[in-house]
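Notes to accompany the following structure.
Derivation of every value follows stated rules applied to the coordinates shown; laboratory data play no part. All values derive from a computational prediction rather than experimental measurement. Backbone-built Cβ (ideal geometry, glycine too); neighbour counts: all protein chains shown.
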Amino acid sequence: MTTRHFDSYTAARTNFRDLLDAAHAGYVTTVNRDRERYAVVDGGLLRAELAKLLPSRAVVVAEGGGWSAFLPGLPLAGEGAELDEALDDLIDALRDYAVDWNERLLHAPNHRGNWALANLIELSDDAELKEWLLSETISEVR
């Protein structure tokens, strides 16, 4: 049986390959440090679960010969002559937001709750983000 719970940082470091193998295999894998417990999770698995648990609810609007895309409740938007351009612009805004969130916004009261979004962004490539944006999209034509 693969070791998947490590009682200390030292035990995890000594058995780092086992720790990663257990996480990769999908086992619940933990490391204790002092009085805190940390979960070690395969990044692809975490990304897929976050995408399911966090619908984008993106809104795309055709107006004035172009497209706008935004996420309600967040200061993020994209624009373009074509829908794909607007989505690509929104993906750029998402990437910038994840950087800002990790640098300073995680402590801001109105952004602190966006941990899942920041992780989803950082664990996704552009194609995965576009798929996520389109999975729960609301379209409007004006």
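Expected output is a single nm value to one decimal: the length gained when fully extending between E36 and W115, i.e. 0.36 nm times separation in residues minus the C-alpha distance. What is it? Each step should come with its number before you reach the end.
Numbers: separation 79, 0.36 × 79 = 28.44 nm, distance 1.88 nm.
Length difference between fully extended and current span is 26.6 nm.
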Fewest-first ranking of F6, F70, using other Cβ atoms within 10 Å as the exposure measure: F70, F6
Kyte-Doolittle at least -1.0, axis length at least 20 Å by Cα - qualifying DSSP helices, the chain: 83-103
Extreme residue, positive dipole direction of the chain, given options A51, A127, H5 (C-beta unit charges): H5
Top of D126, D84, D34 by mean-square fluctuation, Gaussian network on the chain, Cα under 10 Å: D34
Calculated [θ] (222 nm, deg cm²/dmol) that DSSP helices of n ≥ 4 give over the chain, each run adding -39,500 (n - 2.57): -14000 deg cm²/dmol
Fraction of beta bridges assigned by DSSP in the chain that are antiparallel (%, nearest 5): 70 percent
Label of the coordinate-derived value, mean projected area of the Cα convex hull in nm², listed as [x] 20.5; [y] 11.6; [z] 10.1: [z]
Within the chain: Cβ-based charge dipole about Cα centre, in debye rounded to nearest 20 (Lys, Arg +1; Asp, Glu -1): 960 debye
Farthest positive-ward along the stretch 67-130 dipole, Cα basis, beta-carbon charges - from W67, N114, I91: N114
